[in-house]
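Laboratory data are not the source of any read-out in this text; all were calculated from the coordinates shown. Just so we're clear, the structure is a prediction, and the values are computed from it rather than from any experiment. Glycine gets a Cβ as well: all are built from the backbone with ideal geometry, and neighbour counts include every protein chain shown.
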Amino acid sequence: MRPLLLLAAASLSLLAPCAQAQKAVPSIAEKVSWQSIACFGVPFICNKLPAKGYLFATPGATKVVMISHGSQGIDKRMYEYVDSLQSGGFAALVIDHWTPRGITVTHQDYAAAGRKGGNEFNMASDSLTAAEWLRNVRGYQTVGSIGESQGGGAAVMMQQKFAHTLIQQNVRRLYVNSFELKPVDAVVGMYGYCGYRNARRDRYAATPFLFITGELDDGTPSRYCERHVGWMNERGGNTSIVVLRGEGHSFDAPYRRQLSSAPHYAKCDVLIDDGGVTEANSGMKSRGDDVNAMMAKCVSASYHSGYRKNRFIAVPHWMGFFKRNL
């Protein structure tokens, strides 16, 4: 298992950028599109989807980082990520996962949004197809990815080998091409949900992966991601974690810490294995592999999110990670 770093919120603050005027905005980006897929339902059906995003092509950059938003869609923090990346010499692609699927937000009703493709698998599809486009069409040598909240959960899905197989098969079938899926070269997942494990299915790519979580996160608890480091590494991953002491969910959001009313699964700790589905906190068990009924029983209605003191506390960690691994 890679070492866990528990850091005070004040540490490394001198290395984080001071609050400043946001430079990156959609109007100065190149609006781009590439071939992705939209998958739904049981049985699993996939259709063509023209994915969309905003490319900030830093002059001379040979390395690019994709940016995936959370359940709220694109907001100010995505463009602040761009500012930090461009200052480090990286190009950046902000992916709009929701608009092409006719979605505004997902956190008011995750099940309904999922029926439109607003889930982690489809976010991973957009990112992995974008990575192929960035390499083969735009000529970038290495491709990284950073996702926050639901985008942080999608970061884990991007590493899943079963997802690689399904995405590659469906892209080839739908577009009649020789699409070759290659894992992203380095991935960061921030404050995503880690309370779902499938022992029958989970196998991971060995590319470097970094969790960044908040110690006090009561929406997507850090303890699940701390455990997930070992889970992923035992199944082929190359995973490490940084836990920020005193921080909670969405520690870099463009609003102060507040109580948010929306469904979340902090109390859901679900494992699928040969015995069926188990929810560890309650001890509930069921046969098969359908987790929806189980998670409906442990869903909660509110959690805290937003920044406390320094919105840029995580920047030195993920920027350092990309500089080491891209």
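Between Val105 and Arg256, the modelled label-to-label distance comes to 2.0 nm, taking each label 7 Å out from Cα in the direction of the beta carbon.
Compactness check for the stretch 196-268: Cα Rg over 2.2 N^0.38 Å is 1.23. Count Lys and Arg as plus one, Asp and Glu as minus one, and take only other residues whose Cβ is under 15 Å from that of Val299; the net charge is then -2. Within the stretch 221-326, all pairs of alpha-carbon atoms sorted by distance into 10 Å bins from zero give the percentages 13, 30, 35, 20, 3. A cut-off of 5 Å between modelled amide H atoms, ignoring neighbours fewer than 5 places along the same chain, links Ile241 with Leu5, Phe211. Comparing Gly70, Gly151, Gly306, which has the greatest mean-square fluctuation in the GNM of the chain with Cα pairs linked when under 10 Å apart? Among Gly70, Gly151, Gly306, the largest mean-square fluctuation in the Gaussian network model of the chain belongs to Gly306. The average projected area of the chain, computed from the convex hull of its Cα atoms over all directions, is 15.3 nm².
Working note: Cα gyration tensor of the stretch 123-282, eigenvalues times five, square-rooted, sorted largest first, giving semi-axes of 28, 20, 14 Å. For a modelled paramagnetic label at Tyr175, 7 Å from Cα along Cα-to-Cβ, the residues of the stretch 50-77 in reach, with backbone nitrogen under 11 Å, are 50-51. Karplus-based coupling profile of the stretch 267-276, in residue order and whole Hz: 8, 9, 10, 9, 10, 9, 9, 5, x, x, with θ = phi - 60° in 6.51 cos²θ - 1.76 cosθ + 1.60 and x standing for Gly or Pro.
Taking the beta-carbon count within 10 Å as an exposure proxy, list Met284, Met294, Met66 from fewest neighbours to most. Numbers along the way, then the final one.
Numbers: Met284 14, Met294 19, Met66 26.
Sorted ascending by nearby Cβ count, the order is Met284, Met294, Met66.
Counting 0.36 nm for each residue step from Ala301 to Phe162 and taking away their Cα separation leaves a gain of 46.9 nm.
Roughly how compact is the stretch 14-108, stated as its Cα Rg over 2.2 N^0.38 Å to two decimals?
Normalised Rg, Cα atoms only: 1.23.
A Gaussian network model of the chain, with springs between Cα atoms under 10 Å, assigns the largest mean-square fluctuation among Gly230, Gly219, Gly102 to Gly102. When shorter helices are ignored and each DSSP H run of at least 4 residues is given -39500 (n - 2.57), the per-residue value for the chain at 222 nm works out to -8500 deg cm²/dmol. Gyration tensor over the Cα atoms of the stretch 235-295: the corresponding equivalent ellipsoid has semi-axes (square roots of 5 times the eigenvalues, largest first) of 30, 18, 10 Å.
For the chain, modelled as a GNM whose springs connect Cα atoms under 10 angstrom apart, the maximal fluctuation among Asp96, Asp109, Asp252 occurs at Asp109. Normalised by residue count, the stretch 262-306 yields a Cα convex hull volume of 72 Å³ per residue.
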